[in-house]
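Just below is one structure, and these are the notes that go with it.
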Amino acid sequence: GLALGAPQDQVLAAYAGNLDERPHPFMSGGRLYRADNGDGTGIAFLTDGQAVISIAVGEMDTIRFVNQCG
């Protein structure tokens with residue numbers, strides 16, 4: 001499974017085709033990857049551009065709000 005410190009490439013491989021990718025809202029060079037489960041829940045991975053530094057799981061509306069990325 002994916003955990004903190006996992007390479008960014010593992011996120012891309014695990015969720016290929018089901019990711020919303022955006023720049024990290026607070027870290028230059030970082031990325032935000034969100035995967036929607038289709039039932040209103042999902043998971044978000046924030047990276048520093050190379051490795052996972054944060055993971056959020058729950059309601060997609062909450063994930064969007066917390067990460068300020070509509």
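Every read-out reported here was derived from the displayed coordinates using simple, explicitly stated rules and does not represent laboratory data. Computed from a predicted model, the values in this text were never measured in an experiment. Note that each Cβ is placed from the backbone with ideal geometry, even for glycine, and that neighbours are counted across all protein chains shown.
Taking the helices alone, the chain has a mean residue ellipticity at 222 nm of -5000 deg cm²/dmol, built from -39,500 (n - 2.57) per DSSP H run of at least 4 residues and averaged over all its residues. Of the chymotrypsin sites (Phe, Trp or Tyr not before Pro) found in the stretch 14-48, those that fall in a DSSP loop while having at most 12 other beta-carbon atoms within 10 Å are F26. Taking a sphere under 12 Å around the Cβ of G42 and counting the other residues whose Cβ falls inside, with K and R at +1 and D and E at -1, yields a net charge of -3.
Can you classify the chain as rounded, prolate or oblate using the Cα gyration tensor, where a ≥ b ≥ c are the square roots of its eigenvalues, rounded means a/c under 1.5, and otherwise it's prolate if a/b beats b/c and oblate if not? Oblate is the answer for the chain, as a/c is 1.5 or above yet b/c matches or exceeds a/b. Available extension along the chain between D61 and R22 is 12.4 nm, counting 0.36 nm per residue and deducting the alpha carbon span.
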